[in-house]
Amino acid sequence: MGILALTQMAVLAVLGLWALGVGIAMAFRPAERHYGLLRPLSLATAFAAVSAVFSGLATAFAHLAGTGTSAEALPPVVAGVAEALVPGVFGFGVLALAWGLAAVGLHRQT
């Protein structure tokens, strides 16, 4: 794993966990200022996840271009594509949790 992938995952983890923390805060103490923070954090987390997925796919396809399309070259490429999807699953999973908690807070507020 290269430094780019580690940096992207670190940024994604920080943004995602920050959004999750805001979602938890909203579940216990709903306030409009939390919504104002969660919206841009969600957008930043989504863009970080998409960026990391495309970077991983580019790396996997670059490996395919370098090794050719022989039968021996395909398993590492398939594994690379599967690994490239992990940031998307993490990022959007965290966002789903954060907004689920925000919904709980909104329900408690009304």
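The values are calculated or read from the model by the stated rules, or taken from the named source; none is laboratory data. All of these numbers come straight from a predicted model, not from anything done at the bench. Note that we place each Cβ from the backbone using ideal geometry, even for glycine, and neighbour counts take in every protein chain shown.
Filtering segment 23-50 to residues that are small (G, A, S), in a helix (DSSP H, G or I) and more than 9 Å from the chain's Cα centre (by Cα) leaves G23, A25, A27, G36, S42, A44. Among all positions in segment 75-88, there is at least one residue which is of a type in the set (D, E), touching a residue at least 12 places away in the same chain (Cβ under 8 Å) and part of a helix (DSSP H, G or I). Say whether the condition of being more than 22 Å from V86 (Cβ to Cβ) and out of contact with any Ser or Thr (no Cβ under 9 Å at 6 or more places or on another chain) is met by at least one residue in segment 40-55. For segment 40-55, residues more than 22 Å from V86 (Cβ to Cβ) and out of contact with any Ser or Thr (no Cβ under 9 Å at 6 or more places or on another chain): present. Annotation note: Cβ proximity below 6 Å between a residue of segment 92-110 that is touching a residue at least 60 places away in the same chain (Cβ under 8 Å) and a residue that is in a helix (DSSP H, G or I) and of a type in the set (V, I, T) (sequence gap 6+ or interchain) occurs for L95/T45; L101/I24. Would a scan of segment 12-20 turn up a residue that is under 15 Å from A103 (Cβ atoms), assigned to a helix (DSSP H, G or I) and either at pLDDT 95 or above or not β-branched (V, I, T) (or both)? For segment 12-20, residues under 15 Å from A103 (Cβ atoms), assigned to a helix (DSSP H, G or I) and either at pLDDT 95 or above or not β-branched (V, I, T) (or both): present. Of the residues that sit in segment 25-45 and are among the aliphatic types (A, V, I, L, M) and closer than 13 Å to R108 by Cα, which one is surrounded by the fewest Cβ atoms within 10 Å (Cβ to Cβ)? If we take residues in segment 25-45 being among the aliphatic types (A, V, I, L, M) and closer than 13 Å to R108 by Cα, then A31 is surrounded by the fewest Cβ atoms within 10 Å (Cβ to Cβ). The listed residues are G105, G56, G66, and the only one of them that is at pLDDT below 95, in contact with a Phe, Trp or Tyr (Cβ under 8 Å, 6 or more places away or on another chain) and not acidic (D, E) turns out to be G105. Scanning segment 72-110 for residues that are β-branched (V, I, T) and over 19 Å from L17 (Cβ atoms) returns V77, V78, V81, T110.
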